[in-house]
Structure formats: C-alpha cells, structure tokens
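Chemist: Just passing along the structure, written as structure tokens.
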Amino acid sequence: MPRIISTPRLAELISHAGALPLARGKAERLAKELDAQRDRVLELQRKLDQDRNQYLERAAATARTHEERLAAAKRSSRLGDQLLNEAQERANRIERLADEKVRELKGEIARLKAQLAANPASNPEGVVARYRNLVGADVVLTLYVKARGAYGSTVTLLLVSLCSGCGYREEEDRIVSDTAESRTSFMENRFEGGKLKRWAQEHAETCRAVALPDLVTT
C-alpha cells in the first residue's frame, strides 16, 4: 500500500533536494581547498627539509672548520714548544761552550804564570822600557840572555814584551856578538827591538786590564 507523505514533509524533501547541488559544489570547493592546503603543507615540509639539510651542512662545515682550527692551534703550540726547546738547548750549548772557553783561558793564564815563574831566560839583563796603561797596568820590555856561544863570543838575546794586566806577550830573539854595539843594534832594529817597543806602546794605549800581581815583572 503506497505511503502517503504529508505536504510539509514533501516540501522539506523538495527543499533538501534543491540544496543538494549547492552542498555538492561547496564540498567540491572545500575538497579543492583541502587539496591546495595539502599541497601547501607538502611544499612547506619540503622547504623545511631543505632548510634543515642546509643547516645541518653548515653546522657540519662549521664543526669541520672548528676542528681544523683547533688542530692548527695544537700544531702551532707543538711547534712553539719545539722551537722553545731548541732555543733552550742552544742557550745551554752556548753556556757550556762559554764555560769551556773560560776554563781554557784560566788554564792558559795559569800556564803563562807557571812559565813566567819558571823564568826560562837564565840571565835577565833588566827592564828596557815600561809603558803604563790608563788603569795602572804596565807593559814591560825585558831583555834576557837565552844562551851563550860555546866560546863566549856570541849570545842569544831575547826581548820580551809582557802586559801585567791582560798577559799579552810578544818576543823577539837574535844571536849576536857579545858586544854592547850588537846589543844596541838588536834593541834599535825596527824589525826587532824597535818593533816590540812600538807594539808595547800601542798595546798600553788600548789595553784597559787592571794589573795582575802574579804577572808584574820587576
């Protein structure tokens, strides 16, 4: 048996049927907007992933740069320590060499003192000249007879120039006839006695060493 629909209900259905196309159109617009929003979200996600990757790459590059600089600083520190150690070793070596040189000079001074104390020239003729430097040390010229000939006709003369301050020593010798004229010739010769006199004067003008008592020659 057919169902009878009331007029108000029928009117309501007719109204819903008329609104259906509008709803469908709105749903389609909403679907398109949703798709657009979804595409926008996907685009933003892609951009976010791209920015994140770029940030991670920059962070990694910064970390590598920091590590490289840190490694370079460590290398520089090691190099500085190495150079400092080498400089210290050189300073120690120079100090040792200086100490050795001082010992050698002291030994040479001691040898000269012993040599002077031994007085190898057996017959000193006396002081010929004496030149004083500005601080009181003397450069003394002393004439010695080193040896005499077998028959007494000749002598070996030795003229010594000795600084009582620094120990500087020069000497000249010659075998001459045992006469006053020969001795005078030896003392005045510009290449023998005269040369030592010039050297003694020049040394006294430049030497500033204070006299050492053990080297003073009377």
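The values are calculated or read from the model by the stated rules, or taken from the named source; none is laboratory data. Predicted model only: the values in this text are computed from it and were never measured. Positions of Cβ are generated from backbone atoms using ideal geometry, with glycine treated the same way; all protein chains shown enter the neighbour counts. The area values use the complete protein model at the heavy-atom level, side chains included, leaving out ligands, DNA and RNA. Shrake-Rupley method; radii C 1.70, N 1.55, O 1.52, S 1.80 Å.
Chemist: Within the stretch 135-143, does at least one residue satisfy the condition of being closer than 17 Å to ASP173 by Cβ, out of contact with any helix residue (DSSP H, G or I) (no Cβ under 9 Å at 6 or more places or on another chain), part of a strand (DSSP E or B) and at pLDDT 70 or above?
Modeler: yes
Chemist: Going by the structure shown, is ALA114 at pLDDT below 85, of a type outside the set (S, T, N, Q) and part of a helix (DSSP H, G or I)?
Modeler: So ALA114 passes the test.
Chemist: May I pose another question? Is it the case, given these coordinates, that ARG132 is in contact with an Asp or Glu (Cβ under 6 Å, 6 or more places away or on another chain), of a type outside the set (A, V, I, L, M) and open to solvent by 30 Å² or more (accessible area, probe 1.4 Å)?
Modeler: Considered against the rule, which asks whether it is in contact with an Asp or Glu (Cβ under 6 Å, 6 or more places away or on another chain), of a type outside the set (A, V, I, L, M) and open to solvent by 30 Å² or more (accessible area, probe 1.4 Å), ARG132 comes out as yes.
Chemist: What single numbered condition from (1) open to solvent by 80 Å² or more (accessible area, probe 1.4 Å); (2) at pLDDT 85 or above fails to hold for THR154?
Modeler: The number of the failed condition is (1).
Chemist: Ok, one more. Whether any residue in the stretch 1-12 is of a type in the set (A, V, I, L, M), part of a helix (DSSP H, G or I), at pLDDT 85 or above and surrounded by 10 or more Cβ atoms within 10 Å (Cβ to Cβ) is what I want to check.
Modeler: no
Chemist: Further question: Can you name every residue in the stretch 144-156 that is over 26 Å from HIS203 (Cβ atoms) and either touching a residue at least 60 places away in the same chain (Cβ under 8 Å) or assigned to a strand (DSSP E or B) (or both)?
Modeler: ALA147, ARG148, THR154, VAL155
Chemist: Related question: Going by what's in this entry, would GLU170 be described as at pLDDT below 85, of a type in the set (D, E, K, R) and under 21 Å from ALA211 (Cβ atoms)?
Modeler: When the stated conditions are applied, GLU170 does not pass them.
Chemist: For the stretch 157-210, enumerate the residues that are touching a Leu at 6+ places or on another chain (Cβ under 8 Å), under 20 Å from ARG132 (Cβ atoms) and either touching a residue at least 60 places away in the same chain (Cβ under 8 Å) or open to solvent by 30 Å² or more (accessible area, probe 1.4 Å) (or both).
Modeler: Within the stretch 157-210, TYR168, ARG169, GLU170, GLY193, LYS197, ALA200, ARG208 qualify.
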